[in-house]
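The block underneath contains the structure these notes are about, expressed in structure tokens.
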Amino acid sequence: LMADFLRRRLPAAVAALAVLVFAVTPLIARHAVIAYANLPLTFYLAAAAILVKESMQAGEPSVQIRLMLLAGLSAALAAWTRPEAVWMSVIFILWVAGWVIWNRPRGGRSRLILPAVLPPILLVLVWIAARPDVYLRPMREASIRQAALQQALAGDLHWAQIVTIGKYLLSQASDLRTWGILIPAILLLVTLGLVFKSRSRSGWMLLLLGVSLVLPFIGVYWAASYDTRSDLQWWLSTGFNRMLMPGITILWLAAWVSGSVVFENQSKQNVGEMDP
């Protein structure tokens, strides 16, 4: 899926390199052989984002609707995969609606928005209704969130723990044994897109979705710092990186779409040099 998506926007060799770098990223490779559901969740959300992008650029209305419906079904599968994917699907729904409204200032909005957002909305509602039967005892995370809210309102904001989360994120981003070169490459490609003034609206919209799926986890782990049974370091070391996988994967796609302007400029330059 990633290969097909990038091959239509980049030179074949560059697209192949981008897919290879992603595939051999240690964290991705590790999750490909273990039973955690974070990688399937990542696939479903990335597929949904790609399908929305393809729909927004399709010319035939019927094709647009079919692609949006497939995107909605993929987002619904994501919401069914892991608990945190429920609110990730809410972010996806808002993102789709925002993009369609921005891209289509008048007419035809509901025809595109509804097929993409109804499947995850229905799934989320089913999950909310079924959750009491699935989790017969209150989840530990709920009591942690309540404690975090109470203590934060009392003025105990855990600033030191926020700094700890930031340091951990920076250390993991540059750790070749975790993310490989993925995050430095994302930063480089986005910077090139800014320098070369990329006009790819879809690239920047994918970037927005990726960031929106990464940043909330800083708040999630800030709340986890109020847990009295396990310290923050335990929470970070056991789950932080895998929680970022969907957002980082979409950022990887977004970075190449935004940075593709470099290859477009190079291609135009080469054509210019060949002209008599």
Rg(Cα)/(2.2 N^0.38 Å) for region 48-91, N = residue count: 1.24
Please give the net charge around Tyr36, taking every other residue with its beta carbon less than 15 angstrom from that of Tyr36, where Lys and Arg add +1 and Asp and Glu add -1. +2
Fully extended, how many nm does the chain gain between Ser230 and Ile181 (0.36 nm per residue separation, minus their Cα-Cα distance)? 14.6 nm
What is the calculated FRET efficiency for Ala147 to Leu194, with r their C-beta to C-beta distance and R₀ = 41 Å, to the nearest 0.05? 0.50
With runs of 4+ DSSP H residues as the only contributors, calculate the mean residue ellipticity of the chain at 222 nm using -39,500 (n - 2.57) per run, divided by the residue total and rounded to the nearest 500. -25000 deg cm²/dmol
Beyond 27 Å, how much of the Cα-Cα pair distribution for region 145-276 remains, as a whole percent? 37
Going from most exposed to least, what order do Phe217, Phe22 have by accessible area with a 1.4 Å probe? Phe22, Phe217
Over the chain, consider all pairs of different Cα atoms and compute the Kirkwood hydrodynamic radius from their mean reciprocal separation; express it in Å, one decimal. 20.3
Added length on full extension, which subtracts the Cα-Cα distance from 0.36 nm per residue, Ile128 to Ala58: 21.8 nm
What spacing in nm lies between the two simple spin-label points modelled at Arg30 and Trp204, each 7 Å away from Cα in the Cβ direction? 3.6
How big is Rg to Rh over region 4-79, alpha-carbon atoms, Rh as the Kirkwood inverse-mean-distance radius? 1.05
Report the relative contact order of the chain, percent, no decimals, based on alpha-carbon pairs under 8 angstrom and at least 6 residues apart. 23
Solvent-accessible area of Thr164, probe 1.4 Å, all protein chains present, reported in Å² to the nearest ten, please. 50
With all protein chains modelled, accessible area of Ile128 [1.4 Å, Å²]: 110
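The values are calculated or read from the model by the stated rules, or taken from the named source; none is laboratory data. Only a predicted model underlies this, so the values are computations on that prediction, with no experimental measurement involved. Don't worry about glycine lacking a Cβ; one is built from the backbone with ideal geometry, like all the others, and counts go over all protein chains shown. The protein model used for the area step is the full one, side chains on, heavy atoms only, and it has no ligands, DNA or RNA in it. Shrake-Rupley method; radii C 1.70, N 1.55, O 1.52, S 1.80 Å.
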